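Visitor: Before anything else, here's the structure in question.
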Amino acid sequence: MSQPTFRTLVVVCLAMFTARASYAQDKPPIAATVQGHAILVSQLERDLARVIKERKISEAERTQLQKQVLQLAVDRQLVLHYLATSKQGASSQDVDLVIARLQKKLDNEGVKQAEFLKQQGQTLAEFRDQQLWELSWQKYLDKYLTEAALQKYFDKNRRDFDGTELHVAHLLLTAPADATAADREKLKTRAAAIRQEIVDKKVSFADAAKKNSQSPTAAAGGDIGWISRREPMPESFSAAAFALPVHDISQPVESSFGVHLITTLEEKPGKRTWQEAADELRPAVIRYLFRWIADKERPTAKIEYTEHWPH
């Protein structure tokens, strides 16, 4: 049997290389991997579309939302990895059962699985991943989202749920709509310097607000009046205000308006019980559990990003 010539080997190698390159191009682009699990760009595009809906946004806002959507997907994968390794997640058999039930439903409706997946904008593998996440997270919540957990969270965060009202003042350094991250950092640095002057008692909060604030409340020393936990101020503002003891001054707080310094002047304690606040407590505890797991997992997790998606 004759040996292949050098020319033949070159042709074969080039053909293999071309085939591999074609295969690589056919593979769906990946935005990141978490513990070896790929997060596909197609998944993030669906998530982003659900967030944006019909809104018109700037390119800068779009990029920021892309980063947030990716970070949420990374966190979700960290949580799923924890549930799997701690044997608290759903099994492959659980997902198989969901797929079988879906197939039976589709058969009864005369719909092919391929048509259903096309409508969803997913491959079967992506659909399985989605089901694995939903089943695993629900299984975890069924175990830990208890009345005892709600009451404990309420006791630790009573101000946020019992109807407490705060009399607050703020100092605002506004940021233009097209402000860059560097622009906002400069505002935070300036706000921190003003805060230090107030803390050092070189100036009162009211006088600092009159001199520096770009809010309509500046002439009143920044006095906004009474606010509740969830209105009328942006969430970042309210969360910071309700974390402050009376008369303390916050660190610089960012919102869509710019950078704030906040102080609480008075407090009216609320009277709601945890049972009365249960509808608000449940989503708060769910967010807490999610964040607790993701933050615990991140320091030791292998996370790699690609250039196919902003991060």
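Visitor: Could you give the longest part of the chain that holds none of the GluC sites (Glu not before Pro) found in DSSP loops with at most 10 neighbouring Cβ atoms within 10 Å?
Guide: 55-306
Visitor: Then there is this: A 28 angstrom limit on the alpha carbon distance is what I want to check against. Which of K156/K268; K56/K118; K152/K271; K152/K268; K87/K302; K105/K139 exceed it?
Guide: none
Visitor: While we're here: So, with +1 on the Cβ of K and R and -1 on the Cβ of D and E, and no other charges, what is the size of the charge dipole of region 165-268 about its Cα centre, to the nearest 20 debye?
Guide: Roughly 240 debye for region 165-268.
Visitor: On a C-alpha basis, how far is the centre of region 162-196 from the centre of region 238-259 in Å? Whole number, if you could?
Guide: 8
Visitor: Taking Cα pairs under 8 Å and at least six residues apart, what relative contact order does region 165-268 come out at, in percent?
Guide: It rounds to 42 percent for region 165-268.
Visitor: Lysines near K186 by alpha-carbon distance under 27 Å, same-chain residues fewer than 8 away left out - which ones?
Guide: K67, K201, K202, K210, K211
Visitor: Answer with one residue from A219, P252, A192: the one whose Cα lies farthest towards the positive end of the charge dipole of region 165-268, charges on Cβ with Lys, Arg +1 and Asp, Glu -1.
Guide: Looking along the dipole axis, the top candidate is A192.
Visitor: Taking N as the number of residues in region 165-268, what is its alpha-carbon radius of gyration divided by 2.2 N^0.38 Å?
Guide: Cα-based Rg divided by the globular estimate yields 0.99.
Quick note: the coordinates plus some simple rules give every number you see, no bench work behind them. These figures come from a predicted structure and were not determined experimentally. Every residue, glycine among them, receives a Cβ derived from its backbone with ideal geometry; neighbour counts consider all protein chains shown.
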